[in-house]
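No value in this document is a laboratory result; all are computed from the given coordinates. On a predicted model such as this, the values are computed, not experimentally measured, just so you know. Methodologically, a virtual Cβ is constructed for each residue, glycine included, from the backbone with ideal geometry; neighbour enumeration extends over all protein chains shown.
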Amino acid sequence: MNKQEKIRFTEETTVRALSPATVRAYEGSLKQFFDFYKGKAAKSLGLPEIKAYQRHLIEKATHSPNTINRHLTAIRVFYRWVYGRLDYTAANLPRMLIFGQELLEQSKQRRVQLRRRKYWEFLCLLVWGIRESQNRCELSTMFLNN
């Protein structure tokens, strides 16, 4: 993103009275996007490049669907506000790609397995006994919150 694009984007966020947290989130998402395509001008990037970036975010498997959608929203509003491109709307850029659903299901399964493991560890602690210095309520709260 060059200086003119940055200025235009900042003007739009000011006019639209976005919260500072939203602006920071959008700017962080855009920085990651443009770092991914380092050396290419923002104006030259099209829908195929955005979809490739979306695939990259999904395959990384460290992002939740909401985080991926926030990144895509930042990209959509950038191109809409700075270049007036409406071809990057939600109709043309799905929130989640179909092949990504399988990866997200795998991620969900990993979380369930981790939760089960924590449950068994907690049961073992209860069966084998917990030292007096450890608070059982604290452990059960820790388990239930994760």
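Overview of values
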quantity: Amide H contacts under 5 Å for Leu18, placed H, 5+ residues apart; calculated: none
quantity: Glu121 versus Leu18: modelled label distance in nm, points set 7 Å from Cα along the beta carbon direction; calculated: 3.9
quantity: Anchor Lys40: lysines whose Cα lies under 17 Å away (excluding residues fewer than 8 positions away in-chain); calculated: Lys3, Lys6, Lys31, Lys51
quantity: Computed lengthening from Ala52 to Asn2, 0.36 nm per intervening residue step minus Cα-Cα distance; calculated: 15.8 nm
quantity: Per-peptide average of other Cβ atoms within 10 Å, ordering 43-53, 24-34 highest first; calculated: 24-34, 43-53
